[in-house]
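S.K.: I'd like to ask you about the structure that follows.
Any read-out appearing in this document is the output of simple, stated calculations on the displayed coordinates, not a laboratory observation. Bear in mind the structure is a predicted one, so any value in this text is a computation, not a measurement. Neighbour counts run over all protein chains shown; Cβ positions are idealised from the backbone, glycine included.
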């Protein structure tokens, strides 16, 4: 476990340095939510916890919840039908909720990170695409794992929209990036 | 042609075909699967010991209990929910045959729906048995169906109304064990089976349960852990660790929908103190677009039609010429439980479950799962059981 | 009457119906004077016999 953590730290450091030129300094505490009720926010929360970073996750975060000491809002994209079924919501309602939360965060001077951390499994249908588009267009920084960018979609997106891109090995390495 | 001659020949053909078919069906239904329990076995109970409602029925399964005697938590590992998903019951058996528990308890049911393993799906031309090569010979299991055998649970209702939610489901789902949780003592066979399993979970004070499955690559809930909301953090961490450190194909995580009833990941968590998890792995033989359906496909997970669908991006899991061999599917399930326990122990040290003797993912891939299954003819009599 | 008892009653009735049809098919087989019909009766017998013996 320790060896793996050290290896991950190394990989994460490499990943961040490769793209660090355009990336603003990320500052916690973080508040994390999901646009599509996939477990991405829980994963970021757990990875941050393991790295000793304060990152609260709230899958039903509203604009009213974006307050307090938080410096950065992370919104994960990609949808889960099971997750949305569990929460009694749909992709349109999710996009509406997250857009309002992002607007509130920007108004409060927070940095907004648009994330995609669950790989190609969350890039399969039109709901995923809608969630990704809604989150990324308003994000200050794009954060993805390598598996999510297998086809270069996010690299191209970040280039086209001139947004800083942080690309990391996998979800477990996120905590180190947020440090 | 002489009528009498035709009738005699017809009758002989009827007797012969009925005899051959009957023998094959009987052989499938009556075959007993040997299990060589690991050295750490404490006792073997029956599901009927927890609820009389299932005692003496075909689903009165063996319950293998590994108790360290050291206070800690308890996990129930469930195999054989859907008997057409063989990696599920073999994964459970890898635990049964190799476990040593040093803290807490591990309880394993290799075949929770034995009835479903005594018939195959109508019109699908499934093989009746599947085999795994081992250093001492070939080990054989029954290949089954998704639902219990109609010989044991019949007739099906027009519409199956799940108890206690009242949710309407398809008629045959009354025989589908993973639509019958939490069950009831006076219901149909699978309802009584899950009720007995719930009684076990409550009586043994299980902290967590794992239900093994396999799924077609056309199905979106694939290569993932589905979890009750109380297991979100453990499942997320498990998924991340396995994806980062062990598996070549990532394992995801899904939340259990609150309004979809009858499934283990929802009902066990809702009706007991245990946190319920379900693991899915890709099995190309379950895909509708597969080619020849035989034991080779079942065990190798290689199919050119499924691969072609993958090339057209019609699948939710990757597949190449290497396929999804049974060894890999089983290794993923076994390692998922081992990692789940590791994370559970980190987050709940007061209810830790420590186990030894289980092969690593790399060992199972390198040597094959057969290397970790034991010869019943060479085992001490007291350690051989039949599922 | 609970669902299990009801199902058991239906199942017993089902086996009675199965037996009735099997007897009718066997009788038809012996009665017919047509060779093709005899073969057809023979083919029809197989699933009914397997069901009565609870093999399928």
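S.K.: Measure of size requested: the Rg and Dmax of region B:40-386, with Cα atoms as the atom set and Å as the unit; please supply both.
M.R.: 18.8, 54
S.K.: With no solvent and one equal point scatterer placed on each C-alpha of region B:24-124, evaluate the Debye formula and give log10 I(q)/I(0) for q = 0.13, 0.15, 0.18, 0.21 Å⁻¹, two decimals.
M.R.: -0.49, -0.64, -0.87, -1.11
S.K.: Same structure, new question: In whole angstrom, note down how far apart the Cα centers of region B:96-155 and region B:301-321 are.
M.R.: Rounded to whole Å, the Cα centres lie 26 Å apart.
S.K.: So what is the calculated 222 nm ellipticity per residue for the protein assembly as shown, using -39500 (n - 2.57) for each DSSP H run with n of 4 or more, over all residues, to the nearest 500 deg cm²/dmol?
M.R.: -12500 deg cm²/dmol
S.K.: Can you tell me the orientation of helix C:3-31 relative to chain C, as the angle in degrees between its alpha-carbon axis and the longest Cα principal axis, to the nearest 10?
M.R.: 10
S.K.: Rounded to the nearest Å, what's the spacing between the alpha carbon centres of region B:200-260 and region A:129-166? Just the number, please.
M.R.: One Cα centre to the other: 27 Å.
S.K.: Please pull out the direction-averaged projected area of region B:118-179, using the convex hull of its alpha-carbon atoms, in nm² to one decimal place.
M.R.: 5.8
S.K.: Now for a different question. With an 8 Å Cα cut-off and a minimum separation of 6 or more residues, compute the relative contact order for chain B in percent.
M.R.: 20
S.K.: With angles folded into 0 to 90 degrees, how steeply does helix B:189-203 sit against the dominant principal axis of chain B? Use alpha carbons for both and round to 10.
M.R.: 20
S.K.: How big is D, in µm² s⁻¹, for region B:1-75 by Stokes-Einstein at 20 °C and 1.002 mPa s if Rh is the Kirkwood radius over C-alpha pairs?
M.R.: Estimated diffusion coefficient is 125 µm²/s.
S.K.: Okay, moving on. Between B:305, B:95, B:130, find the one with the highest GNM mean-square fluctuation for chain B; connect C-alpha pairs within less than 10 Å.
M.R.: B:305
S.K.: Another question about this same structure. Using only alpha carbon positions, build the gyration tensor of region B:284-387, then give the equivalent ellipsoid semi-axes as the square roots of 5 times its eigenvalues, largest first, whole angstrom.
M.R.: Working through the eigenvalues yields semi-axes of 32, 22, 11 Å.
S.K.: At R0 = 45 Å, how high is the FRET efficiency between residue B:288 and residue A:27 if r is their beta carbon distance? Nearest 0.05 is fine.
M.R.: It comes to 0.35.
S.K.: In square nanometres and to one decimal, what's the mean projected area of the convex hull around the Cα atoms of the protein assembly as shown?
M.R.: 31.6
S.K.: Separate question: Would you look at the GNM of chain B, springs on alpha carbons closer than 10 Å, and say which of B:166, B:73, B:38 moves the most?
M.R.: Taking springs between Cα atoms under 10 Å, the residue moving most is B:166.
S.K.: Could you work out the equivalent-ellipsoid semi-axes for region B:89-224, taking the square root of 5 times each eigenvalue of the Cα gyration tensor, largest first, in whole Å?
M.R.: With the √(5λ) rule applied to region B:89-224, the semi-axes are 26, 22, 14 Å.
S.K.: On alpha carbon coordinates alone, what is the Rg over Rh value for chain A, Rh being the Kirkwood radius?
M.R.: Checking Rg against Rh, the ratio lands at 0.94.
S.K.: So what's the angle, to the nearest 10 degrees on a 0 to 90 scale, between helix B:232-245 and the longest Cα principal axis of chain B?
M.R.: Computed tilt is about 80 degrees.
S.K.: Which distance in nm do the two modelled labels at residue B:133 and residue C:12 give, with both placed 7 Å along the Cα-to-Cβ direction?
M.R.: 5.4
S.K.: For region C:3-52, place one equal point scatterer on every Cα, skip the solvent, and apply the Debye formula. What is log10 of I(q)/I(0) at q = 0.26, 0.31 Å⁻¹?
M.R.: Taking Cα atoms of region C:3-52 as identical point scatterers yields -0.89, -1.07.
S.K.: How many partner chain Cβ atoms sit within 10 Å of a residue's Cβ in peptide B:248-259, on average, as a whole number?
M.R.: Per-residue shielding by partner chains comes out at 6.
S.K.: Given a Förster distance of 51 Å, report the FRET efficiency between residue B:348 and residue C:54 from their Cβ-Cβ distance, rounded to the nearest 0.05.
M.R.: Calculated transfer efficiency: 0.60.
S.K.: While we're looking at this one, here's another question. Using alpha-carbon pairs under 8 Å, 6+ residues apart, how would you state the relative contact order of region B:71-205 in percent?
M.R.: Result for region B:71-205 is 20 percent.
S.K.: For residue B:55 and residue A:92, FRET efficiency with R0 = 35 Å and r from the beta-carbon atoms, rounded to 0.05?
M.R.: Rounded to the nearest 0.05, the efficiency is 0.10.
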